[in-house]
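Read the structure below first, then the notes.
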Amino acid sequence: MESRREVYFVFMNYDPEYERLKSNRTKKGTQELDLYLCKKHDELLENTLEPGSYNKTMSLVIVDGFAVEITDNQANVLRSAKDVRVVEKNQELA
């Protein structure tokens, strides 16, 4: 039985390239950082989960992380991925 997909936030381990790009506050530097993170996050998902089984909703530039719609089982798979620090389910605030 397929479990329901929910939004999870995935935060990455320390990455010196991310830190270098983040320190470049020019418009070009910001664009490079956006592209770098988007590609890095997409590649992690492509190499870890089945194609079409997830939906990345955003990359988070300020913390090197992203939001993705996945199942509980997929969250557990991502937790064991090499460059992942934390995977947390989105908590709705009342």
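The values are calculated or read from the model by the stated rules, or taken from the named source; none is laboratory data. In this text, all values refer to a predicted model and were calculated from it rather than measured experimentally. A quick note on method: Cβ atoms are made from the backbone with ideal geometry, for glycine too, and the neighbour counts reach across all protein chains shown. Heads up: the accessible areas ignore ligands, DNA and RNA and are worked out on the full protein's heavy atoms, side chains in. Shrake-Rupley method; radii C 1.70, N 1.55, O 1.52, S 1.80 Å.
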* Per residue accessible area in Å² of the chain, where ligands, DNA and RNA are left out and the probe is 1.4 Å -> 68 Å²
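Beta carbons within 10 angstrom, averaged per residue: use that to sort the peptides 10-20, 31-41, 83-93, highest first.
Numbers: 10-20: 14.2, 31-41: 16.1, 83-93: 11.9.
The most tightly packed comes first, giving 31-41, 10-20, 83-93.
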* Structure fact -> In whole percent, the Cα-Cα distances of the chain spread across 10 Å bins from 0 upward as 16, 48, 26, 9, 1
* Structure shown: which of K40/K82; K39/K82; K27/K82 lie over 21 Å apart, alpha-carbon to alpha-carbon? -> K27/K82
* **Sulfur and carbon atoms: percent of accessible area, the range 5-89 [1.4 Å]** => 52 percent
